[in-house]
1. Would you work out the charge dipole size for region B:259-332 about its Cα centre, treating the Cβ of every Lys and Arg as +1 and the Cβ of every Asp and Glu as -1, and quote it to the nearest 20 debye?
2. So which of B:22/B:343; A:298/B:259; A:103/B:149; B:266/B:298; B:169/B:268; B:167/B:259 end up more than 26 Å apart by C-alpha?
3. Using Cα positions and a limit of under 14 Å, work out the aspartates and glutamates in reach of residue B:329, with same-chain residues fewer than 8 apart set aside.
4. As I understand it, the value is the acute angle between the Cα axis of helix A:179-193 and the longest principal axis of the Cα atoms of chain A; what does it come to in degrees, rounded to 10?
5. Which three lengths, in whole Å and largest first, does region A:157-303 cover when its Cα atoms are put on their principal axes?
6. Hey, for residue B:58 with labels 7 Å out along Cα-Cβ, what do the inter-copy distances come to in nm, ordered shortest first?
7. Any idea what angle helix B:268-278 forms with the longest principal axis of chain B, computed on alpha-carbon atoms, 0 to 90 degrees, nearest 10?
8. Sorted from largest to smallest, which semi-axis lengths in Å does the alpha carbon gyration tensor of region A:37-159 give for its equivalent ellipsoid, taking the root of 5 times each eigenvalue?
Protein chains: 2
Amino acid sequence: MDPLDERSKQILYAIIQSYINKPDPVGSRFVTKKYSFGFSPATIRNIMADLEDMGFLSQPHTSAGRVPTDKGYRFYVNSLLGQDRKINTSGIETAFIDNFSRKLDEIKNDITGMFSEVSNTLSSMSNYVGVALPPKPEKSHFTRIDFMKYKSDHVVAIILTDEGVMKHKIIKSDPSLSQDDLNRIAEYLNNEYAGRTIDDIKSVLIGRMKADKMLWDKLISRAITLCEEILSFSESDIYFSGLHDVMNLPDFSDISRIKEISKAIKDKHTILRLLDALSDNEGVQVMIGDENPVTELKNLSIVTSPYKEGDRNIGLIALIGPTRMDYSKAIFMVETVAGCISKTLKG
Amino acid sequence: MDPLDERSKQILYAIIQSYINKPDPVGSRFVTKKYSFGFSPATIRNIMADLEDMGFLSQPHTSAGRVPTDKGYRFYVNSLLGQDRKINTSGIETAFIDNFSRKLDEIKNDITGMFSEVSNTLSSMSNYVGVALPPKPEKSHFTRIDFMKYKSDHVVAIILTDEGVMKHKIIKSDPSLSQDDLNRIAEYLNNEYAGRTIDDIKSVLIGRMKADKMLWDKLISRAITLCEEILSFSESDIYFSGLHDVMNLPDFSDISRIKEISKAIKDKHTILRLLDALSDNEGVQVMIGDENPVTELKNLSIVTSPYKEGDRNIGLIALIGPTRMDYSKAIFMVETVAGCISKTLKG
DNA sequence: GTTAGCACTCTCCTTGTTCGAGTGCTAATA
DNA sequence: TATTAGCACTCGAACAAGGAGAGTGCTAAC
């Protein structure tokens, strides 16, 4: 299957690592000097030519060195993912991670603050764009709901979930609903449905509530209308940060590349959909350049990992950067930060 | 006071308008051609040299045309602000404004959505960075508070205000406080303090609550602790948008300029403080380049206007762009959008 | 299979040149 | 006295030419 012999692999690996380290096309002479393979430049040249034929490398122009292709990065990432990543080789200090973990714990009651902190940390540590998707309310366990009357013909609904995710919503409602009525509806919901996921409640239980109608008559029918509106959440939140830092990377010294990435994160919907689709998979995932289904991201790479509550994936974080990404560091960071979040949500 | 004669003013005005329209240094020949003042280029040159001596214009290099200085723009803006702006000269269609106004009305119950819509509209219409500051909760009128017990040792507090701004907060609390206790505290607060501004409650009433202590004994003392924590809001929200669109302006064709503006809006705190300081002033305000107290904004201009609820300024919107801004359009937009918001909040 | 040697290619940088736009100054003009 | 025409001058943008440097592919020798 894999037509690469060991030597070619080592050289390819070395070239990619060197290029990630410094974005200059890598020449045969450089390889022999920097890494002591014990071959002359001419030999390396032959191998490099082969690697180019196989699509792992490419030449910007005839007399330049070689540059990895997406396929080359894929090889590199695959061998990284095959390695044992328990050892921190990313250059990120463990003290920093501990510190971050402690900080998360302090602010875990403020889900907004927590996830903006997460994306900030991701980006500032990596110099790539940090992305954080908070737990989706639909997948969370319903803990409690409360209603408040507001301005006679509106109702404020507040939903609490296990992870502390809270949604509030102001809804126009029948003015004849009194605060007492609302309290009764809330009590009913809290008693009957606590512990279920919102998705459950939405799909299955609204049907059942309709069946309960005989019990509660017209109050319940109003409650149903209310709930249907409340449980239809608008699009999830998503936190980005680090566009500014990314501009300092040599990969984005060209203004059109900045426009590219800024366009990609500008319309959140696209990325949201993409990440949503990934959120059920396990472990770190890497999408390199062209592998990306979204046009706007064809020149970028995404490293992403879900985080868990117990054994359910409930959300996701990611790093977006140039295809010439420090994948080793990015993978380590994303894995570590996801681990911190899972730990915080558990504790 | 003003050493400019009418003729010089007209020429200066024309030069600035031309430069705003197209960022090429304006030469004497061009002025004579484009605007028919009836003088030869030589005469115009003399006047331009005078204007340069007075600091209204500057030359990028000896043989280039002239470019407005900050002082020049200030002259331009002052004469704009002196004009009657009731007439829409900005090229923005009234149909669009009506549409926007209607849209605002639809989503006025969702303060987050509303203000992100505001900043989006500002930016997409102008191609500058749109900024929106939602009403500060501290200045809002307290309408209602509610508490919910959460995970035995936490309390969720929800505060509603007149403008519908709602803050929720999860607070660690004494586990012995029962939901009943919480309800009684809430009832007390709702009865006693509805209608006051949060600032009021914070500064004056917490003192009074302490005096009430005899009445309610230890429950109230707990309530006080709770309230103190609840009413200390974190920094206000601020919505930015349009960094992406700004990149298409010729003023930001240089990457370092993009970094500049992106840095400026990256740390929200600075701009927040700046705008906060302006929010008590009446009407549109323009800060041009150097006039700006914040270093990061020395090369940018800000056009801003407060919006009202009744006759109180409760929040603020702004446009940030290059000093070569279409001030006429920007002023019109900011004024109009602020008007729409005020109208929506009233209705 | 590996290596040395060599001609070749391509980019980057520097230098020189031209062209055009626009200026400032001076002397002539109304 | 204000305005204008004329002219020499300056500067930047655009283009061309040439050399340096890095790296390649190919061939023949080891």
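1. Working: 10 positive and 11 negative charges, 67 e Å.
Computed charge dipole of region B:259-332: roughly 320 debye.
2. Values: B:22/B:343 36 Å; A:298/B:259 24 Å; A:103/B:149 24 Å; B:266/B:298 15 Å; B:169/B:268 22 Å; B:167/B:259 34 Å.
Pairs exceeding 26 Å: B:22/B:343; B:167/B:259.
3. Cα-Cα hits under 14 Å: B:84, B:93.
4. Value to nearest ten degrees: 50.
5. 66, 32, 24
6. So the distances to the same position in the other copies read 4.4 nm.
7. That helix lies at roughly 80 degrees to the long axis.
8. Ellipsoid half-lengths, sorted descending, are 51, 20, 13 Å.
A short reminder: the numbers here are calculations on the coordinates, not readings from a lab. All of these numbers come straight from a predicted model, not from anything done at the bench. Heads up, the Cβs are rebuilt from the backbone with ideal geometry, glycines too, and the neighbour counts pull from every protein chain shown.
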